[in-house]
C-alpha cells in the first residue's frame, strides 16, 4: 500500500525551503533596485545615521556598499549578465512550479489507480494480497511468486486485477514518483542553489560563475520542466542529468 503522508511531508518541506529561498532573492532584487517593499534591509549595509541603502542621491555622499552592489553599478557587462541570469532563473522557476503541480496531480492519479488495483485483488487467509498472471501463477503484492499455492485454490473476486495489471500500475506509480522527485531535486538543488549563490552580496558570483549557473539551469532541467519552459518560447538544450533518485518501495 502506498503511504501518502511521508511523500506529502517531504514535498511540503521542500516547498517551504524553496519559498524561503525565493523570498530571499526577491528581497535582494528589491534592495539592489532601491525599492521599498516594507521589509527591513537584509543584504546591503546601511550608514549609521539613516540606514539607507546604496548611494544616496539626496545626501550627495557614498554609503557603505556591498561588493555585489558595486559590481552592478560600475560594471555594465556584469550587470547585464547578472540580469540575464536572473531572468533565466525566474523563467525556470515559473516553469518548474507548473511542471511540479502537473506531476503531483499525475502521481495522485496513479496512486489512486494503484489502490483500486489492490482493492480488487484476492487475499489469502494470512492477509497477503495476491494476483494471478496469464500463466496461472500466483504472485504477492511484493512481486513474490507463490509456488506452494494453486491458483484454483484461491477465491478470486469478480473483476480481480491480473498480476500484469498490478505490475504495470506499480511501475506507473514509480515513474510518477520519480518525475516528482526529479523536479523537486531541480527546484531545490539547482534553482535554489542558484538563488543562494546570486544572493551573496558580499561574495557575488563571477561572470564565469554566472555563465555556469545559466548552463546548470538549462542542462539539468527535467523534461517536464523543459516542456513548460519551451511553452514560454525559451530555448533549452536536452536534459542531461546523472542524478539517481530513491523511489519508495510499494
Practice task
Identify all residues within the range 114-145 that are in contact with a helix residue (DSSP H, G or I) (Cβ under 9 Å, 6 or more places away or on another chain), part of a helix (DSSP H, G or I) and surrounded by fewer than 15 Cβ atoms within 10 Å (Cβ to Cβ); write none if there are none.
Solution key: 116
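From 210, 184, grab the single residue that is in contact (Cβ under 8 Å) with a residue 12 or more places away in the chain, under 30 Å from residue 67 (Cα atoms) and in contact with a helix residue (DSSP H, G or I) (Cβ under 8 Å, 6 or more places away or on another chain). Lay out the reasoning, then the answer.
Values: 184 fails: under 30 Å from residue 67 (Cα atoms).
Step by step, each of 210, 184 is checked, and only 210 is in contact (Cβ under 8 Å) with a residue 12 or more places away in the chain, under 30 Å from residue 67 (Cα atoms) and in contact with a helix residue (DSSP H, G or I) (Cβ under 8 Å, 6 or more places away or on another chain).
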Practice task
Mind listing whichever residues of the range 160-196 are surrounded by fewer than 16 Cβ atoms within 10 Å (Cβ to Cβ) and over 23 Å from residue 116 (Cβ atoms)?
Solution key: 189, 193, 196
Practice task
Inspect all residues belonging to the range 123-139 and state whether any of them is in contact with a strand residue (DSSP E or B) (Cβ under 9 Å, 6 or more places away or on another chain) and modelled with pLDDT under 90.
Solution key: no
Fill in the blank from the handout: Contact list, first residue from the range 115-127 and free of Cβ contacts under 8 Å to residues at least 24 places away in the same chain, second anywhere and surrounded by 16 or more Cβ atoms within 10 Å (Cβ to Cβ), beta-carbon distance below 6 Å, six or more apart or interchain, is 123/129
Completion exercise
Here the residues within the range 90-112 that are surrounded by fewer than 19 Cβ atoms within 10 Å (Cβ to Cβ) and either under 27 Å from residue 214 (Cβ atoms) or at pLDDT below 95 (or both) are 90, 91, 94, 97, 98, 101, 102
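The values are calculated or read from the model by the stated rules, or taken from the named source; none is laboratory data. Treat the numbers as computed from the prediction; the structure is a model and nothing was measured. Neighbour counts run over all protein chains shown; Cβ positions are idealised from the backbone, glycine included.
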